[in-house]
Amino acid sequence: MQNNTTFSPEEIARLPVHIAAIMDGNGRWAKKRGLPRTAGHREGSETFRRAAEYMADIGMRYFTVYAFSTENWKRPAEEVGVIMGLLEKYLQEAIDSMVAKNIRLCFFGDLTPLPDRLRRLIERTDAISRDMTGLQVNVCLNYGGRQEIARAARRLAERVAAGELRPEDITPERMGDEMYSAGVPDPDLVIRTSGELRLSNFLLWQSAYSEFYVTDKLWPDMTEADFAEAIRAYMGRNRRFGGL
């Protein structure tokens, strides 16, 4: 018998190709329970793991999450350290399971400021991921949408200065090719938790025509049923991309 976390064959044919998520509310989840903010991040990392496995199970092709923004370095050093430790722990576990799950892990963002151990784990994960053909999970790490657009503009400007391109050759398509997400279709659906109504510098270029789904639930409270509800809400919309 079908339950609310599975989809009928007709629904499967209408599933989005790419879902992105702004994983917001870890700190508030902890505060409501009288726990330190770091406890919320630990619970949120488990929700991320479950969400990725669910996306793989239903046949999603791409799942992109906002793990750590360029602005998050302003948080207390202890909190930043816990987040980096959780990312390291997740990658260590993912290396053991991604082959079995056929999940590919990719990273969007400037990875140079990250701790050495984490960077080495990312390199190892990248090497293993190359042979995976299932769900691609894109982890936005030390990522900012404005910074990504500026980086793309600089790279194209350097090519113009070198005589490889003319200014008139710079099109939206060429800009897209310089994004961290080059080769990945834009997200069909962006999910934001905790009721906040903003993008927070997430996928500014890629989400130009994405559908948005906002829930008051905090990220650590999200379940498979909540993700299925968001997907069904997306299926009920008429995407016009600026047309009629």
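Structure data summary
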read-out: Any hit, the range 52-63, residues being touching a strand residue (DSSP E or B) at 6+ places or on another chain (Cβ under 9 Å) and farther than 23 Å from Ser210 by Cβ; value: no
read-out: The one condition in (1) under 25 Å from Asp226 (Cβ atoms); (2) open to solvent by 30 Å² or more (accessible area, probe 1.4 Å); (3) not aromatic (Phe, Trp, Tyr); (4) not in a loop (DSSP other than H, G, I, E, B) that Gly85 fails to fulfil; value: (1)
read-out: Answer residue from the range 1-40, given it is over 23 Å from the mean Cα position of the chain (by Cα), not hydrophobic (A, V, I, L, M, F, W, C) and not in a helix (DSSP H, G or I) and is modelled with the lowest pLDDT among those; value: Gln2
read-out: Restricting the range 141-170 to residues that are in a helix (DSSP H, G or I) and among the aliphatic types (A, V, I, L, M), the residue that is farthest from Tyr213 (Cα to Cα); value: Ala161
read-out: Residue in the range 102-120 that is among the hydrophobic types (A, V, I, L, M, F, W, C) and free of Cβ contacts under 8 Å to residues at least 12 places away in the same chain present; value: no
read-out: Residue pairs meeting the criteria (Cβ under 6 Å; at least 6 apart or on separate chains; first on the phi > 0 side of the Ramachandran plot, in the range 190-201; second of a type in the set (Asp, Glu) and surrounded by fewer than 13 Cβ atoms within 10 Å (Cβ to Cβ)); value: Gly195/Asp216
read-out: Of residues in the range 183-219 being among the small types (Gly, Ala, Ser) and over 14 Å from the mean Cα position of the chain (by Cα), the one surrounded by the fewest Cβ atoms within 10 Å (Cβ to Cβ); value: Gly183
read-out: From the options Arg120, Arg104, residue that is touching a helix residue (DSSP H, G or I) at 6+ places or on another chain (Cβ under 8 Å) and either surrounded by fewer than 16 Cβ atoms within 10 Å (Cβ to Cβ) or closer than 22 Å to Gly59 by Cα (or both); value: Arg104
read-out: Failed item in (1) under 18 Å from Ala230 (Cβ atoms); (2) in contact (Cβ under 8 Å) with a residue 24 or more places away in the chain, with Phe68 passing the rest; value: (1)
read-out: Leading residue by the ranking (least open to solvent (accessible area, probe 1.4 Å)) among those in the range 1-52 that are more than 23 Å from Leu204 (Cβ to Cβ) and of a type in the set (Asp, Glu); value: Glu11
read-out: Residue that is within 30 Å of Asn4 (Cα to Cα), open to solvent by 70 Å² or more (accessible area, probe 1.4 Å) and part of a helix (DSSP H, G or I), where the choices are Glu173, Glu229; value: Glu229
read-out: Close pairs (6 angstrom Cβ cut-off, 6 or more residues apart or separate chains): under 22 Å from Val17 (Cα atoms) in the range 134-147, basic (Lys, Arg) anywhere; value: Gln136/Arg104
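The values are calculated or read from the model by the stated rules, or taken from the named source; none is laboratory data. None of these values were measured; they are calculated from a predicted model. Note that we place each Cβ from the backbone using ideal geometry, even for glycine, and neighbour counts take in every protein chain shown. Surface accessibility is based on the protein's heavy atoms, side chains included, excluding ligands, DNA and RNA. Shrake-Rupley method; radii C 1.70, N 1.55, O 1.52, S 1.80 Å.
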